[in-house]
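Structure, as structure tokens:
The values are calculated or read from the model by the stated rules, or taken from the named source; none is laboratory data. Small disclaimer: the values here were computed from a predicted structure and weren't measured. Positions of Cβ are backbone-derived with ideal geometry, glycine not excepted, and every protein chain shown enters the neighbour counts.
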Amino acid sequence: QAAYINKGATTTCTAVLEPKGADDTRMTWISEDESIATVSGNANKVKITGKSEGTTRLVGKLEDGGFETSILVHIGHWDKSVQLTNLDVNGRGDVILGARNVSELNITTVTCEAEFFDGNYEPIPVNTKDGSNKVQMVYSKTLEPGKATHEDQWVFKDYAKSEMEPYGRIVVHIVSFQIDNDWIKDIRENNRPMIEWGLVQ
């Protein structure tokens, strides 16, 4: 298993211990290269901090029996792995979104959040679940390094296209992506790649 953590960021990782009813779950964790990543905590839940770009292994050892587990940690600038390239609305009112994998990773899912506004920049309720103007757009086809999305393969979650109000502005942010159907990289709100579409006023 591998983790992808931004340089300067801290994330929490949990080791699954078996059997679940074990009496002693105390663990000792070390980083094989603390110049790349450090680890703190002495149980199955630890904090990992990215120090510099590179790869190192974190090793956890149970105090009861000495059993070991490990995780490979890649430190980099992963928030920028997917780039939003284009956003448009066609004549039928369908949203057209494009994105490209600009990393060396195999990205298997991209999740975006889209916000919809009318011509006066007032929110348009398009979410069928909570009545808000925000919905998720999910792309679940594998994006190899350098590859771009296909516009007809995004899936909207809880979305009903507005038939009453034409869209005046749409803002889309990438909120997370998944690597090799395994590690999900959540992007902090202030680092999320964004693209905007709007009618000329």
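List of remarks:
- Residues that are in a strand (DSSP E or B), over 14 Å from S140 (Cβ atoms) and in contact (Cβ under 8 Å) with a residue 24 or more places away in the chain, drawn from segment 173-201: H173, I174, V175, W183, K185, M194, I195, E196, W197, G198
- Residue pairs whose Cβ atoms lie under 9 Å apart, sitting 6 or more positions apart in sequence or on different chains, and linking a residue in segment 135-155 that is closer than 15 Å to V172 by Cβ and without any contact (Cβ under 8 Å) to a residue 40 or more places away in the chain to a partner that is in a loop (DSSP other than H, G, I, E, B) and of a type in the set (V, I, T), are V135/V126; V135/T128.
- No other residue among N133, N120 is buried (at least 16 other Cβ atoms within 10 Å of the Cβ) and farther than 26 Å from K7 by Cβ apart from N133.
- Only residues that are surrounded by 12 or more Cβ atoms within 10 Å (Cβ to Cβ) and part of a loop (DSSP other than H, G, I, E, B) were counted across segment 161-172, and they come to 6.
- V110 meets the conditions (1) over 28 Å from G8 (Cβ atoms); (2) surrounded by 15 or more Cβ atoms within 10 Å (Cβ to Cβ) in every case but one. The failed one is (1).
- For segment 30-53, the set of residues classified as modelled with pLDDT under 90 and either in a loop (DSSP other than H, G, I, E, B) or aromatic (F, W, Y) (or both) consists of G41, N42, A43, N44, listed by residue number.
- All positions within segment 96-149 that are part of a strand (DSSP E or B) and among the acidic types (D, E): E113, E115
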